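Quick notes on the structure that follows.
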Amino acid sequence: MRKNPKLVSLAVKSGLAATLSAVVCALEDPIPDLTEIGIWAVVTVDLVFESTVGSSLGKGINRTAGTLLAALLALGVNHVTPHLGSLKPLFLAILVFWGSVIPTYYRYRPPFKDT
């Protein structure tokens, strides 16, 4: 295996970013509620961290947009489901199915081609 200094540098930077976010979340004085949900900061660092700043920002923006869209969808589902009665489990199963199919399809499809 060849040595790849860029890969080693990226791995060390990722480790430092995850460690820094874990340490900030472990401090109880600044934000007490952050210690309870702080693990998500570490997970986010691991998911979003890329080799370039632009790639990291792009992933972060996409992750934020996805979270906001999911929150809006959850509010809508929470508003609709009480009125469904016995159809609620079927409705939720259909939403979960399509909520998995659509993103997976768009993730693995080829990009649009310029003609």
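The values are calculated or read from the model by the stated rules, or taken from the named source; none is laboratory data. The shown structure was predicted, so the numbers you read here are calculated from the model rather than taken from an experiment. In this analysis, Cβ positions are derived from the backbone assuming ideal geometry, glycine residues included, and neighbour counts consider all displayed protein chains. Remember, those area values only see protein heavy atoms, side chains included, never the ligands or the DNA or RNA. Shrake-Rupley method; radii C 1.70, N 1.55, O 1.52, S 1.80 Å.
Could you list, in sequence order, all residues of the range 52-93 that are closer than 20 Å to residue 107 by Cβ and surrounded by 13 or more Cβ atoms within 10 Å (Cβ to Cβ)? Step through it out loud before you land on a result.
The first filter runs over the range 52-93 and keeps only residues closer than 20 Å to residue 107 by Cβ, leaving 54-70, 73.
Those that are closer than 20 Å to residue 107 by Cβ and surrounded by 13 or more Cβ atoms within 10 Å (Cβ to Cβ): 56, 58, 59, 60, 63.
What are the pairs, 6+ residues apart or on separate chains, where a residue within the range 98-115 that is under 25 Å from residue 74 (Cβ atoms) has its Cβ under 9 Å from a residue that is modelled with pLDDT of 70 or more and surrounded by 10 or more Cβ atoms within 10 Å (Cβ to Cβ)?
99/70; 99/73; 103/66
Limited to the range 57-69, what total is found for residues that are within 11 Å of the chain's Cα centre (by Cα) and among the aliphatic types (A, V, I, L, M)? Spell out how you get there, then give the answer.
The initial filter retains those residues of the range 57-69 that are within 11 Å of the chain's Cα centre (by Cα), namely 59-68.
After this cut, where a residue has to be among the aliphatic types (A, V, I, L, M) as well, the list is 61, 65, 68.
The total comes to 3.
So that you can scan it fast, the table gives a plain yes or no per residue for (1) touching a Phe, Trp or Tyr at 6+ places or on another chain (Cβ under 9 Å); (2) among the polar types (S, T, N, Q); (3) modelled with pLDDT under 90:
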| site | (1), (2), (3) |
| --- | --- |
| 72 | no, no, no |
| 88 | no, no, yes |
| 92 | no, no, yes |
| 99 | no, no, yes |
| 104 | no, yes, yes |
| 108 | no, no, yes |
| 111 | no, no, yes |
| 115 | no, yes, yes |
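What is the residue count in the range 43-62 for residues that are touching a residue at least 12 places away in the same chain (Cβ under 8 Å) and under 20 Å from residue 22 (Cα atoms)? Quick ask: steps written out before the conclusion?
Our first condition is that a residue be touching a residue at least 12 places away in the same chain (Cβ under 8 Å); within the range 43-62, this holds for 44-49, 51, 59-60.
Filter once more, so that each one left must be under 20 Å from residue 22 (Cα atoms): 44-49, 60.
Final tally of qualifying residues: 7.
How many residues does the range 94-115 contain that are open to solvent by 100 Å² or more (accessible area, probe 1.4 Å) and of a type in the set (A, V, I, L, M)?
Adding up the residues that qualify gives 1.
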